[in-house]
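Report on one structure; see the data block that follows.
Here, each number is a calculation from the coordinates, and none is a lab measurement. Source: prediction; values computed, not measured. Cβ coordinates were reconstructed from backbone atoms using ideal geometry, including for glycine residues, and neighbour counts include every protein chain displayed.
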Amino acid sequence: MKIVVLVKQVPDSGAERNLRADDNSVDRASANNVINEMDEYAIEEALRLQEAHGGEVTVLTMGPDRATESIRKALSMGPDGAVHVLDDALPGTDYLGTSRVLAAAIGTLSPDLVICGAEATDARGQVMAHMLAERLGFAALTGARKLTVEGAQLTVERQTEEGYEVVTAATPAVVSVWDTINEPRYPSFKGIMAAKKKPVDTKSLADLGVSADQVGWGGSATTVLSHSKRPARSAGVKVTDSGEGGVALVDYLSSEKFV
Amino acid sequence: MSSVARLLPTPEAHDLLELTSELADKELAPNADDYEARGEFPRELIRTLGRSGLLGLPYSAEYGGAEQPYEVYLQVLEILAGRWVGIAEAVSVHTLACYPLAHHGSTEQRERWLPDLIGGELLGAYCLSEPAGGSDAANLTTRAVREGDDYVVTGTKAWITHAGVADFYNVFCRTGGPGPKGISCLLAPADTPGLNPQAREKTMGLRASPVAQVALDGAVVPAGRLIGAEGEGFRIAMGALDSGRLGIAACAVGLAQGALDYATGYAKERVQFGRPIIEMQGLGFMLADAATEIAAARALMLHAARLRDAGLAYSTEAAKAKLFATDMAMKVCTDMVQVLGGAGYVADHPVERYFREAKVLQIVEGTNQIQRMVIARSL
């Protein structure tokens, strides 16, 4: 089975993150950049499938030069190689443009399966799997908490607010996963050493047959017009107990639907 | 761990320490208090470290090891110890337990067993001490008698870390006459008939790590599991201990660093007389002394390690490093309890545990009195 895993480098969600004042884009220069957490679950799922069914796992990243660090980190977990889409025209590309570029890159790899995280912690759009499936003509099995493969048949438990749905499709398909699907492995020291020697194929937009005016600020269908800081947390409700404190607390909890 | 400036020999050493820090922060730090309070051995956690390659760091790549110099391996132990000294000690004891086979086993023995021993899934124990004597190892009394293709081993080993949870035991026993030249080393699997780990000791610290006697009631060990020749056991044991002592020094440096980091954080937050207590000279100087002593111990440990890595004599320097680092850790952990005052005396803060854990490091792998004997003899 040939599997492509999408890996995105994002600012560490545990640290302070900002949007840039000039173009409203995510400030990646000042942040500690890491692999999008959900992508580690996608990598783990791909590696487990490879262990069970054989085949090849390729990491695909679109991002600036420094995304190389995240590619090497991803490869240290075990994938065979990576494709890095790197082009000066890419900054500012929105979801639609990104899906155009990634679909073109996936097209050159002809995988049976594309696995990605259900969302990235920077923009949390949850749309990439659907967009890619549409562009590639693949089935979209999104929000998986379990994935079973039997031959070319895929069965996914799709997590919902209330429980889960069972959906099936034949390959080729795009599967997006939540962090309930597995427990990602740590890299091994040998894996880190081996990752330095694994092939990383750098592709430009020209290599993928995508023109520069279809991406970047100019080629995007959506634009962020402005942004503002999240308002500071307001002071909570203060209950002064003059004999009725308990009732006041229950009233509050009840009004907020805690009880 | 706080920002410790490190000079590392290779980029791969840097990667290894980064991986170790990630494991220490995500797997060790959140679990240490809980496992130590319950006295449960974290076997799965040790496997996680093993799968990342941390249970065979100094050994040959030919057998699946990471072939790292001691200089690097000790800093891995130090980082682990900064989060949970019990785990660092487990890795150190396991690495010690692989030493006899790795350095004195025949090619055939190494090919057969070493990849499994250092591969990460198995855990080792090292049985040298006995109830009647630990320091005076040359006079051990556990007896091994050759019967056909086996040795039949009878005696009792004491203070055995990983007793009951280990997958293999190095058993030092007497195959010949009295004194050091009558001792041999057997590599016994845990399922050896007659090898019986006893009830766990109730220890002052390192409670997650089982320590017990191991009774050898006519234990039958195949003669093919003799490591080195008959009579070479004492030499093997002492060589392993020189390396093991460096491991304990690393545990001590890491433990003290963890205590200092915690106490420093507390002293910056805790306000008395209107200012953080770290600004009181009495407290600030205590922390400064601790930081200096830790740095000195680390430098001494790394000096001994670099001698070893260069193939030079390092036995005396290892004894000095073990002695200095563990006495330092006891002093620093005592002082860090003092920095927290009453809060340092209760189990809500980890310095209470660090204090109890530091004590054993002055005793294991040769008491600090034995280290002084070794050093004095070299003068």
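Numbers at a glance
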{"read-out": "Selected from B:48, B:104, B:73, residue furthest toward positive end of dipole (the range B:11-118; charges at beta carbon)", "value": "B:104"}
{"read-out": "Dipole of the protein assembly as shown, positive end: most advanced residue of A:14, A:195, B:126 [Cβ charges, Cα centre]", "value": "B:126"}
{"read-out": "Rg to Rh, two decimals, where the range B:202-242 supplies the alpha carbon set and Rh follows Kirkwood", "value": "1.10"}
{"read-out": "Average other protein chain Cβ within 10 Å of Cβ, residues A:184-191", "value": "6"}
{"read-out": "Shape of the range A:2-219, Cα gyration tensor, a/c cut at 1.5", "value": "rounded"}
{"read-out": "Chain A: angle of helix A:95-109 to the longest principal axis, Cα-based, in degrees nearest 10", "value": "30"}
{"read-out": "Segment residue A:239-residue A:217, extension gain: residue separation times 0.36 nm, minus the distance between their alpha carbons", "value": "2.8 nm"}
{"read-out": "Shape of the range B:235-378, Cα gyration tensor, a/c cut at 1.5", "value": "prolate"}
{"read-out": "Value of [θ]222 nm, deg cm²/dmol, for chain A, DSSP H segments ≥ 4, -39500 (n - 2.57) each, nearest 500", "value": "-9000 deg cm²/dmol"}
{"read-out": "Helix-derived mean residue ellipticity, 222 nm - over chain B, DSSP H n ≥ 4, -39500 (n - 2.57), to 500", "value": "-17000 deg cm²/dmol"}
{"read-out": "Cβ-placed point charges (K, R +1; D, E -1), dipole of the range B:235-378 about Cα centre in debye, nearest 20", "value": "440"}
{"read-out": "Whole-angstrom Cα spans of the protein assembly as shown along principal axes, big to small", "value": "87, 70, 50"}
{"read-out": "Charge context of residue B:156, other residues only, Cβ under 12 angstrom, K/R +1, D/E -1", "value": "0"}
{"read-out": "Order of B:85, B:214 - criterion: other Cβ atoms within 10 Å of each residue's Cβ, fewest first", "value": "B:214, B:85"}
{"read-out": "Charged-residue dipole, Cβ positions (Lys, Arg, Asp, Glu), the range B:117-230 about Cα centre, Debye nearest 20", "value": "320"}
{"read-out": "Aspartates and glutamates whose Cα lies under 18 Å from that of residue B:320, excluding same-chain neighbours fewer than 8 positions away", "value": "B:71, B:78, B:242, B:293, B:309, B:365"}
{"read-out": "Evaluated at q = 0.13, 0.14, 0.23 Å⁻¹: base-10 log I(q)/I(0), Debye formula over Cα of the range B:124-232", "value": "-0.42, -0.49, -1.26"}
{"read-out": "Residue-wise HN-Hα coupling along the range B:367-379, computed from phi with Karplus coefficients 6.51, -1.76, 1.60 (Hz; x: Gly, Pro)", "value": "4, 5, 6, 5, 4, 5, 4, 4, 5, 4, 5, 7, 7"}
{"read-out": "Segments B:141-153, A:247-259, A:78-90 sorted - mean Cβ within 10 Å per residue, highest first", "value": "A:78-90, B:141-153, A:247-259"}
{"read-out": "Charge dipole (debye, nearest 20) of chain B; +1 at Cβ of Lys and Arg, -1 at Cβ of Asp and Glu", "value": "940"}
{"read-out": "Above-threshold pairs, the threshold being 32 Å between Cα atoms, out of A:2/A:73; B:26/B:202; A:198/B:26; A:73/A:257; B:157/B:359", "value": "A:73/A:257"}
{"read-out": "Top positive-direction residue, dipole computed over the protein assembly as shown with Cβ charges, set A:222, A:61, A:167", "value": "A:61"}
